[in-house]
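Below: one structure, written as structure tokens.
The values are calculated or read from the model by the stated rules, or taken from the named source; none is laboratory data. Treat the numbers as computed from the prediction; the structure is a model and nothing was measured. Here the Cβ positions follow ideal geometry from the backbone for every residue, glycine too, while neighbour counts run over all protein chains shown.
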Amino acid sequence: MMARLSLLLGMALLVTGCAMSPGMNMSTGSVAPGVEIIPITAKLIAEQERARVRDVPAGFKVLNGENEEERYEYYIGPRDILSITVWDHPELTIPAGQFRAAETEGHRVAADGTIYYPYAGRVHVAGKTQAEVREILTEKLSRQIANPQLDVKVVGFRSQKAYVVGEVENPGFQPITDVPLTVMDAIARAGGVTPEGDRSHVILSRDGVNYTINLLDIVQRGEISRNILLKDGDILNVSNRNRRKVFVLGEVVNPSSIYIPRGRMTLSEAISDVGGVNPRTSNPARIYVIRGTAERPEVYQLNAKNPAALVLGDHFQLRPRDVVYVATAGVTRWNRLIQNLLPTATLLRDLADIDSTIGDRNY
């Protein structure tokens, strides 16, 4: 009978221990086949920062100063409206008056990119700047008029537009004009980001490819390289912040999910926001950050028993949907194991007593 009781007790201990152990006994190295724990070090944080700086593709046009803005050129397209003035030749100039706007009475660029102008005939203007069109018309009119003086302006910008959607006050399209349209300008014209918008996660869709732009980097760090010049057909989508959460679990005071405020949150901030680690039950040497997918998980470990970890934790940037897990101390695991085991052991003892009583009666 005692051998039978020992066997049942051992099986209960094994089952209870297995139920307690998943996720609690991780250590540096491999926690599962193909999954490696990566220590959070100064080198890792430096690599993380370099990757953040590289997230804007090379070759995107930006405005880094007044020189770039002065060099910016608008290229005429179909449906644009041109105002053409020939000085000292009013018969060639559409008169503008109180009830006649140049935009409605000007020369509309046809779908094939051309306009018709007296003495010049049909002129292809699409893809050209205002200065180039002026030179073309001057050369053609000079055959009929001595030393013609021309002025060409785009008064109706209709051929090109960018779209601003998502969490902005006034979603819609923004025309691209002779004034450079940047990411910040387009969002400002759309009324700005709503309280539910995520300024750190603006998606730029261009030519079928999506790029992530962090507006906070432009504002807070002055990283003008992210203030990209928009072009025709671009779509800016300001994401909703509801998916910008991290989950803090394990031996912390108040396990919960929390929003990433202002687009950035470090590991130390996340743990602090849930009340910190539990000083009685936690193992500060085993603080994990789990990210990625089930097929390709990434697990990072911070050893907070090391004083340098306070600095490392304050620089390790979390990403949306990260899971922060603070492991349990060894003595706590043992105490919990005993607490879960005692009811089972009591039940087995009672069953053994019943079995013994039945055996005595049979005897």
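What to note about this one:
- Selected residue (only one of VAL238, VAL248, VAL183 is hydrophobic (A, V, I, L, M, F, W, C), out of contact with any His (no Cβ under 7 Å at 6 or more places or on another chain), closer than 18 Å to PHE60 by Cα and surrounded by 19 or more Cβ atoms within 10 Å (Cβ to Cβ)): VAL183
- Scanning region 186-238 for residues that are of a type in the set (Gly, Ala, Ser) and within 13 Å of GLU169 (Cα to Cα) yields ALA186, ALA188, ALA190, GLY191, GLY192, GLY197.
- All of LEU249, LEU267 fail the test of being on the phi < 0 side of the Ramachandran plot, over 21 Å from the mean Cα position of the chain (by Cα) and not assigned by TED's automatic domain parsing to the domain that holds ILE213, apart from LEU249.
- Checked against (1) buried (at least 16 other Cβ atoms within 10 Å of the Cβ); (2) in contact with a strand residue (DSSP E or B) (Cβ under 6 Å, 6 or more places away or on another chain); (3) farther than 22 Å from LEU216 by Cβ, GLY313 passes all but condition (3).
- Qualifying residue in region 198-205 (condition: in contact (Cβ under 8 Å) with a residue 40 or more places away in the chain and hydrophobic (A, V, I, L, M, F, W, C)): no
Here's the yes/no breakdown for (1) over 35 Å from the mean Cα position of the chain (by Cα); (2) modelled with pLDDT of 85 or more; (3) in a strand (DSSP E or B):
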position: SER272; (1), (2), (3): no, yes, no
position: ARG286; (1), (2), (3): no, yes, yes
position: VAL299; (1), (2), (3): no, yes, yes
position: GLY313; (1), (2), (3): no, yes, no
position: VAL331; (1), (2), (3): yes, no, no
position: ILE338; (1), (2), (3): yes, no, no
